[in-house]
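Reviewing the structure listed below.
What follows is calculated from the coordinates using simple rules that are stated; it is not laboratory data. Everything quoted here is computed from the prediction, not taken from an experiment. So basically every Cβ, Gly included, is an ideal-geometry build from the backbone, and we count neighbours across all protein chains shown.
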Amino acid sequence: MHLKKTILIPTIKDDGPGYEKILGLAEVVFEDPYHHFDFDFSRCAMIDHNTVVMLGALARYVDYHNNQMKISKSMLLFKSSVSNVAGVMFLVETMNSAVRERLIGNNFLSHFSSGSLDGYPTGGYLGYREHNYLQDADKIADHLQNEWLSAAKLRLSDKLKPAITSRILEVFSNAYGHGVSIQDMKTMGVYSCGQFNNKDKTLNISVLDFGPGIIKNVKRVRGDMPSIDAMQWALVKGNSTRTDSQLSDIPRGLGLDLLHNFVHVNGGELRIYTNDVKVISSKSSGLIVEENTRVLRGTMVSIKINCDDRYYRFTSEAEPTQHQYF
């Protein structure tokens, strides 16, 4: 009989303390995934993209381990559950209206529901997505360029927009090449959640995989070294631990140089959490690479962009009249 564990989901913001809370949730589940987990949202006032992507991936992680034992899949709980079935339940009745509406609107709950709820988006949408363990680069690129980075949210030149899209696509590519393709859990894919906050005009995306992690991969290829050194090596353009041929035409390395420069000019933020290291890049902080007390078995990359009324372009492009440029 599998013991039931109830995990209280607090209000988790898109900031440093928020990410530490997310990593704490992951540690609880990773410690022993062969349980039935109830996620209780009674103390959660609002939920953001970073928490959503982690909860979804953790549900699939529990699902994977218990499917190995031929236990039933994760499901959505509306009323009651048998406690000896291992899996994950998202307790909808504990959610306030804001949390519930966001998890319906970003299509999260539809992935874990055996029933249906009004309001699920159809077709193109901005929200939670599960990417198969076989990468469809064209599909992801189309989503990034036409749905996530749409002209209605941010004004980018015809040259800069595809350049940014390709760098974010490279984040997905690295999740596959450094994570999914060499992990033990062959059916686990890559998980992402995009979000547009209309109140403060910010555009976010978080990409997560439970592969070995960047630090472990670098040490596997380069030999033992301090984790900070391993991360700094991985950040250098052109360095890569990838040995697969998938998307071989994309430049090696994490491809974060343009994203780092863009969020610096834009006033946004780039975060990476992998193994025992975190990376934060923003205009106010510069580039920070430091060890983290919370350990993530995998890699999480989160990008925040401010959707202001400025027009962004490469400095080499012609300058539009009275428009600020990148």
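What is the order of GLU170, GLU93, fewest Cβ neighbours within 10 Å to most?
Numbers: GLU170 21, GLU93 11.
With the fewest neighbours first, GLU170, GLU93 line up as GLU93, GLU170.
Between ALA98 and ASN146, what is the spin-label point distance in nm, taking each point 7 Å from the Cα along the Cα→C-beta axis?
Each label point is offset 7 Å from its Cα along the Cβ direction, giving 3.4 nm.
Using the 10 angstrom Cβ neighbour count as an exposure proxy, how do SER192, SER282, SER302 rank, fewest first? Intermediate values should be presented prior to the final figure.
On the way: SER192 29, SER282 18, SER302 24.
Result, fewest neighbours first: SER282, SER302, SER192.
Pull out the extension gain between ASP308 and SER284, defined as 0.36 nm times the separation in residues minus the alpha carbon to alpha carbon distance; nm, one decimal. Before the final figure, lay out the partial values.
Details: separation 24, 0.36 × 24 = 8.64 nm, distance 1.76 nm.
This chain segment gains 6.9 nm when fully extended.
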